[in-house]
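Asks: My questions all concern the structure below.
The values are calculated or read from the model by the stated rules, or taken from the named source; none is laboratory data. This one's a predicted model, so the numbers in the text were calculated from it and none came from an experiment. Glycine also receives a Cβ, built like all others from the backbone with ideal geometry; neighbour counts cover every protein chain displayed.
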Amino acid sequence: MYETEANFKTESSAQIPPEVISAFGQLKGKLAARTLISWGEHCTECGWPTCYSTCDLYEAREDLKCRRFVDGMVRLDCVEALNGYLLKISFKRWGKLWARGNFKLYSTLRAERMERRDHWISDTLHHLPLPAGIKRTVSLKRYAVKKRLANQGAPDGPEPSSFLLECYNPQPVTVRLSLTIRSLHSALSGPLSSLVQLAPGFRRSRELTESTIPFQKLIDVPSGLHRSRIPFAEIAPFVTLRSPFSIDITPNDVDDGITLYFGAMDFVKEDVLPTAKEPRTLKCVVWDLDNTLWNGVLVEDGLDKLRLRPGVAEVIRELDQRGILQSVASKNNLEEAVAALRRFQLDTYFLYPQISWGPKSEAIKAVAKSLNIGIDSLLFIDDSEFELQEVRAACHGVKVLNARDYLRLPEMDEFRVPVTAESASRRQMYQVERDRQASATRFGDDYLAFLRSCDIKLRITRLGAENIERVYELTQRTNQMNFSGNRYDRDVLKAVMDASHLDTYVMTCEDRFGSYGVIGFSIVDSREPRLTDLMFSCRIQSKRVEHAFLAYVIRKYRRNAATGFMANYRRTARNAPSGRVFGDLGMQETAATDGVSHWVFPNGKEAPDEGIVAIETLDDAAVGR
């Protein structure tokens, strides 16, 4: 978590309970390396710089930037924390944490020194008796250097183990955070692009484009300190290791002023060498099957004669509750062995089981690679001394255990770890990741298939007292997807709400990665019928939500229209890409008056249904997927 530009406010960490401060220090000295991500405030509806003059909600801070957080990013010195400090953030609606970065890893000691030096420079500059204009110029140049470094690809080196997020939530309710990560690529295209991207140490174009399919995850932060580790294997299918990335953390449906305290927010390398005083914690147990998990040999005795060894199921469940991953390395026929595991109701506990007639050492390596963990964090248990020694010789660092000692596993120091809600669900997290990787592979570059997997739901209601404030905010802030260019004050919205011939549509959206809140507003003059206003939050851009809604209103009105369904569209430089939706749906441009083009969807045609967005309304039967 690299300190951002123009952030000088510091408070005491005494406002956080001592036990939480102590908990923030649990990872101190236990990570090998981490990235340096320069987080900053950002807006989910950012239309910078024009929004400073067009957004009615713009409220300037001392540095003239938009007050997206109530007090900016407040630093709390905290020597116990991994970074040596925490960030206190009081979010306003529309506010989010955002950064560009790369996957370059620094030793934790070097990272801490770099952050300390950066903060010293920032603090010194702030207190020097220089004119404000000079300070701002120097600050902007300093930030430009950090931005340029963030936009560079990472050099060859190790990949992270996981993304680590530490967050203290002092509220009595759970806060949901949406995490989004996208690879950034040079805007170059054609054969030159591939050559440039493959060249080590190349200097990128200033223009970077985001990858089409992002990595997204919904993180629940209950009351208290929550530490979330997202395995890099879960993120890897969606990013390019040597390219920079953009990353944002957005609270879902929070009230103005909700406060969260952030510790580590970086990619980390978790594998560290054990010390003599503290035995290393092992992450995974790899089980043999015959005469280890059960008494008997499957291919000789048959399934009916096998018997689980006494207490082995209890050992497996106990390790699972502690967050210890488990897998299988067995010389057997795959189908028969899986059938036996299912019979004993243990199949769901084993991740990436390796069941074949190859060497056990190759199976161990395959498990470590699939789980994206160091091979020295595995323990292999087998009844055969030959197999144990073969693995020990070929897999340096793997701990081995004879199967006669299987009941000792929960009592071993390497497995004495605290049981938390996160640890108890670790296996499920890896299973979700396994499904996610399979899903990503299946989609390839098929973006629409990816969208169909996102389970996007669009809920439509009328404009009313309960949502007029949110709609007012939306009309003030929307630029890229405002099809009319109109901005309504509260009195006009109330008049629209009372007009009998104007049908209003207020849209909220969610998918399996989180809630987007109120994201759309539209007005249809039912007398013609004609869509006179349509605007969406840029948060749902490229999710085909505008296509689904426009198809919905076309289906609703065109049957009663002699001339077909019509729509107004005022084209601007900002909304031109979004304006392609009319042509995408088969509408035809008929005329233009006073800068407004008129589009019509003729009778006799069917509005296309892409099967991507499910629509729920209060007034009509569900339309959509």
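Asks: Which of the residues spanning region 336-355 are under 36 Å from the mean Cα position of the chain (by Cα) and charged (D, E, K, R)?
Replies: Within region 336-355, Arg342, Asp347 qualify.
Asks: Identify, from the list Gly485, Gly397, Gly444, the residue that is of a type outside the set (A, V, I, L, M, F, W, C), under 30 Å from Glu362 (Cβ atoms) and modelled with pLDDT under 85.
Replies: On the way: Gly485 fails: under 30 Å from Glu362 (Cβ atoms); Gly397 fails: modelled with pLDDT under 85.
Exactly one of Gly485, Gly397, Gly444 is of a type outside the set (A, V, I, L, M, F, W, C), under 30 Å from Glu362 (Cβ atoms) and modelled with pLDDT under 85, namely Gly444.
Asks: Read through the list (1) surrounded by fewer than 21 Cβ atoms within 10 Å (Cβ to Cβ); (2) without any contact (Cβ under 8 Å) to a residue 60 or more places away in the chain; (3) hydrophobic (A, V, I, L, M, F, W, C), then give the number of the only condition that Phe601 fails.
Replies: The failed condition is (1).
Asks: Anything in region 517-537 that is closer than 15 Å to Gly485 by Cβ and either within 23 Å of the chain's Cα centre (by Cα) or not assigned by TED's automatic domain parsing to the domain that holds Arg574 (or both)? List them, or say none. Step through it out loud before you land on a result.
Replies: Filtering region 517-537 for residues closer than 15 Å to Gly485 by Cβ gives 521-523, 531-536.
The answer is Phe536, and nothing else.
Asks: Another question, if that's okay. Does Leu388 fit the bill of being touching a helix residue (DSSP H, G or I) at 6+ places or on another chain (Cβ under 7 Å) and crowded, with 19+ Cβ neighbours inside 10 Å?
Replies: Values: touching a helix residue (DSSP H, G or I) at 6+ places or on another chain (Cβ under 7 Å): no; crowded, with 19+ Cβ neighbours inside 10 Å: yes.
Judged against the criteria, Leu388 is not a match.
Asks: What is the residue count in region 241-270 for residues that are within 13 Å of the chain's Cα centre (by Cα) and β-branched (Val, Ile, Thr)?
Replies: 3
Asks: Report, ordered by the first and then the second residue, all pairs with beta carbons closer than 7 Å, sequence separation of six or more or different chains, a first member in region 580-592 that is of a type in the set (A, V, I, L, M), and a second member that is surrounded by fewer than 15 Cβ atoms within 10 Å (Cβ to Cβ).
Replies: Cβ pairs passing all conditions: Leu585/Pro608.
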